[in-house]
Structure formats: C-alpha cells, structure tokens
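Colleague: Quick one: the structure is below, and I'll ask about it shortly.
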Amino acid sequence: MILAVDVGGTKMAAGLVSDDGTVVDSRRVATPQGAGAEELWKTLLGLVEPFGRADGVGIGCGGPMLWPAGEVSPLNMPGWRGFPLRARLEAMYGEARIHNDAVCVAAAEHWRGAGQGSANMLGMVVSTGVGGGLILGDRLIDGGTGNAGHIGHVVVEPDGPPCGCGGRGCLEAVARGPALVEWALARGWKPGGAPSRAAVPYEEDRAVTGRTLADDARAGDEVALAAFRRAGRALGLAITAATHLCDLDVVTIGGGLSQAGSLLFDPLHETLREHARMEFAQRVKVVPAALGQDAGLVGAAALILAADRYS
C-alpha cells in the first residue's frame with residue numbers, strides 16, 4: 001500500500017491506495033488557517049500517523065515549490081515557506097515523491113479516470129484557483145521547473161483583471177470561483193435573488209460561493225448567467241491555445257466550479273467551435289473529470305505506483 005497525501009489551503013487529505021489505484025481508506029481534516037509551519041506539520045502528522053506503515057508516500061501540494069526536492073511554499077498557506085515537506089515524510093516512510101496538486105489530479109485522470117486511453121491530455125482543476133497538468137506521449141511533462149501545464153496563467157484577457165501572480169487577465173483571474181463571485185457582485189448580483197428565490201444580503205452571508213452563483217444562474221439570474229458565460233469562454237480560449245500548441249486528444253476538467261455543468265461547459269464548447277478551426281484541433285474532447293474528491297490521492301499515489309509515466 002502507498003500512503004497518498006493531498007495538501008491544500010482549505011483541507012488536508014491522506015489515504016492508503018492499492019496497486020490498482022483504489023483508495024482503500026482515507027481521512028480529511030481542515031487546514032488550520034493562519035497557522036505557523038510546525039502547527040501545519042503537526043496537523044498533517046496527526047492525519048497520516050493512524051495509517052501506520054506504508055511502502056512509500058506520494059504527495060500532492062499546492063505551489064509553488066522547489067521541485068523535485070519538495071520544499072513547498074503554497075500561496076494559500078503562508079505558514080509554509082520553503083518547508084521541507086518531502087524530506088519530512090521521506091524520513092518517516094522511506095520513498096517519497098511530490099508534485100503540484102493539480103498535476104497529481106491530471107495524472108489520476110489519465111491513469112484511472114476520464115483520460116484513460118489518451119496519450120495526449122490536459123487535466124485541469126477549476127476551483128478556488130485554476131491549475132493543470134500535461135500528459136504528452138503517454139507521460140507526464142514536467143518542464144524545466146516542474147510547472148509545465150500551468151494553464152491557469154495563460155492570458156485570456158490582456159486588459160483583464162489583475163492576477164495573484166502579478167500579471168493581468170490570466171485564466172485564473174477570470175475563471176476561478178471567487179473571481180466569478182466578485183465579478184457578479186460588482187455588476188449588481190444579489191445572492192439568492194433570482195426569480196422565486198429570496199435574496200440574501202452579501203454583507204450578512206460571507207459564505208457566498210460559486211455554488212450560490214450557479215444556483216442563481218440555474219434559476220435564471222442574468223448576471224449569474226453572464227458570469228458563467230464569461231468563465232466558460234475564458235476556459236475555451238485557453239484550451240484552444242493549449243490544443244493548438246500540444247495537439248491534445250482530451251481535456252478533463254474537475255474541481256468545485258466544474259460541478260456547474262452545462263452553465264460552464266456550454267459556453268466553453270461554443271468558444272472551442274468558434275476558435276479551434278484547424279482540423280487536428282477540432283478533434284479534442286473536453287469532458288468532466290471522473291474521480292471526484294479522490295483524484296488528488298490517486299494522483300499522488302501514481303507518482304510511485306506508475307512512476308514510469310508520472311515521475
């Protein structure tokens with residue numbers, strides 16, 4: 001059994017994964033907010049220790065990181081800056097391998113999910129951020145620093161909103177869940193205010209999320225619908241560019257915002273039809289990811305269990 005670890009800014013997950021990629025047992029805890037380095041480590045330690053011994057550990061973690069050394073500095077976990085996550089877990093379990101969490105999701109979908117059978121695939125996560133991993137020639141592509149496939153920072157609106165990376169108009173700045181909510185609120189959206197729904201003042205409900213926006217879009221709120229059309233178009237433009245560059249067969253899209261379904265996928269496919277005009281690019285299939293919340297763990301385990309393709 002491989003111990004798989006998936007570390008993010010809102011939750012940490014760990015589980016035992018069998019040789020065929022099945023998650024046999026798993027646990028999740030909330031990531032402590034505002035915690036220092038050792039408190040974060042202690043939380044992770046309490047999560048993994050009950051699993052006992054394992055034949056190695058695969059790790060997915062938000063970036064950036066020094067790769068493959070595994071010194072991590074996740075943007076949404078300020079308590080870890082240059083934290084030696086791989087070395088700490090390697091001291092406990094022997095073999096340890098690490099990659100960006102979105103790359104692990106892409107590996108999982110290629111290995112055991114919606115990308116099975118494709119030699120050339122982009123796996124995407126669209127949630128509080130937008131990330132991805134790139135499979136070409138049936139192998140994970142790392143790039144010079146381990147950041148290949150980082151589609152969230154493809155520019156889709158040159159004069160668009162500022163991005164956390166320091167640029168403007170990145171896909172992540174347009175299409176991540178919080179960006180949709182912010183865009184809609186700035187244009188007068190009242191959460192829960194679609195026809196037949198009772199409005200909830202935003203000031204009284206700070207838990208408003210992309211799910212709230214999707215509910216209102218389905219109920220007919222024009223601003224909410226426009227927000228999803230804008231995000232879907234941005235995704236379609238970025239995927240068109242990636243397909244022309246990499247001659248992709250399949251793009252899988254997972255993450256919380258992908259649960260909006262046709263609200264996001266319809267404008268995405270419309271944009272693809274409009275811009276992917278070369279014959280080889282027209283064959284790309286964009287599909288929902290298949291593995292759900294287990295994808296990060298399956299992909300982390302794949303770094304060891306299928307190392308010939310994903311390490």
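Colleague: How much of the accessible area of segment 46-137, probe 1.4 Å, is carbon plus sulfur, in whole percent?
Modeller: Numbers: 1710 of 3300 Å².
Using a 1.4 Å probe with all protein chains present, segment 46-137 comes out at 52 percent carbon and sulfur.
Colleague: In addition: What is the angle, in °, between the Cα long axis of helix 222-246 and the longest principal axis of the Cα atoms in the chain? Nearest 10 is fine, range 0 to 90.
Modeller: Relative to the chain, helix 222-246 is tipped by roughly 50 degrees.
Colleague: Estimate the FRET efficiency between GLU157 and ARG53 by the formula 1/(1 + (r/R0)^6), using the beta-carbon distance for r and 35 Å for R0, to the nearest 0.05.
Modeller: Between GLU157 and ARG53 the formula returns 0.10.
Colleague: Could you give the accessible area per residue of segment 219-301, probe 1.4 Å, as a whole number in Å²? Kindly include the intermediate steps, with their values, before the conclusion.
Modeller: Values: 3540 Å² over 83 residues.
Accessible area per residue: 43 Å².
Colleague: Per the Kirkwood formula on distinct C-alpha pairs, the Rh of the chain is how many angstrom?
Modeller: Numbers: mean 1/r = 0.0504 Å⁻¹.
Result for the chain stands at 19.8 Å.
Colleague: Hey, another quick one. Given an 8 Å cut-off on Cα distances and at least 6 residues of separation, report the relative contact order of the chain as a percent.
Modeller: Over the chain, the number comes to 20 percent.
Colleague: Report, in debye and to the nearest 20, how large the dipole of segment 42-161 comes out about its Cα centre when Lys and Arg carry +1 and Asp and Glu carry -1 on their Cβ. Don't jump to the answer; show the numbers that get you there.
Modeller: Values: 8 positive and 11 negative charges, 67 e Å.
Charge dipole, segment 42-161, about its Cα centre: 320 debye, nearest 20.
Colleague: Separate question: What relative contact order, as a whole-number percentage, does segment 107-158 give when Cα pairs under 8 Å and 6 or more residues apart are counted?
Modeller: 27 percent
Colleague: Sticking with this structure for a sec: If I take all pairs of Cα atoms in segment 1-142, what percentage of them are more than 17 Å from each other?
Modeller: 60 percent
Colleague: Ok, one more. On a 0 to 90 degree scale, rounded to 10, what angle separates helix 37-48 from the longest Cα axis of the chain?
Modeller: 80 degrees
Colleague: Helix 177-186 versus the longest principal axis of the chain: what angle, 0 to 90°, nearest 10, using Cα atoms?
Modeller: 30 degrees
Colleague: Suppose accessible area is computed on protein heavy atoms with a 1.4 Å probe; arrange GLU270, GLU95, GLU182 from highest to lowest.
Modeller: GLU182, GLU270, GLU95
Colleague: Size of the dipole of segment 248-293 about the Cα centre, Lys and Arg at +1 and Asp and Glu at -1 on the beta carbon, nothing else charged, in debye to 20? Before the final figure, lay out the partial values.
Modeller: Numbers: 4 positive and 5 negative charges, 15 e Å.
Approximately 80 debye in magnitude.
Colleague: Provide the per residue accessible area, probe 1.4 Å, for segment 30-138, rounded to a whole number of square angstrom.
Modeller: Accessible surface, normalised per residue, equals 39 Å².
Colleague: Another question about this same structure. Can you give the calculated 222 nm mean residue ellipticity of the chain, where each DSSP H run of n ≥ 4 adds -39,500 (n - 2.57) and the sum is split over every residue, rounded to the nearest 500 deg cm²/dmol?
Modeller: Theoretical 222 nm ellipticity from helices: -11000 deg cm²/dmol.
Colleague: Can I ask one more? Straight-line reach from LYS190: which aspartates and glutamates have a Cα under 17 Å away, not including same-chain ones fewer than 8 places off?
Modeller: GLU182, GLU203, GLU204, ASP205, ASP215, ASP216, ASP221, GLU222
Colleague: Would you work out which of ALA87, GLY146, ALA106 lies farthest towards the positive end of the dipole of segment 81-148? Charges go on Cβ: Lys and Arg +1, Asp and Glu -1.
Modeller: Checking the options against the dipole of segment 81-148, the answer is ALA87.
Colleague: Another question, then. Pull up the DSSP beta bridges for the chain and report the antiparallel fraction as a percent, rounded to 5.
Modeller: Values: 27 of 46 bridges.
Looking only at bridges with both residues in the chain, the antiparallel portion is about 60 percent.
Colleague: Report the one residue of HIS269, LEU134, LEU213 whose Cα lies farthest in the direction of the positive end of the charge dipole of the chain (charges on C-beta: Lys and Arg +1, Asp and Glu -1; origin at the Cα centre).
Modeller: Going by the charge dipole, the pick is LEU213.
The values are calculated or read from the model by the stated rules, or taken from the named source; none is laboratory data. As the structure is a prediction and not an experimental result, all values here were calculated from the model. Reconstructed Cβ throughout: ideal geometry from the backbone, glycine too, with neighbour counts over all protein chains shown. The accessibility values were calculated without ligands, DNA or RNA, using every heavy atom of the protein model including side chains. Shrake-Rupley method; radii C 1.70, N 1.55, O 1.52, S 1.80 Å.
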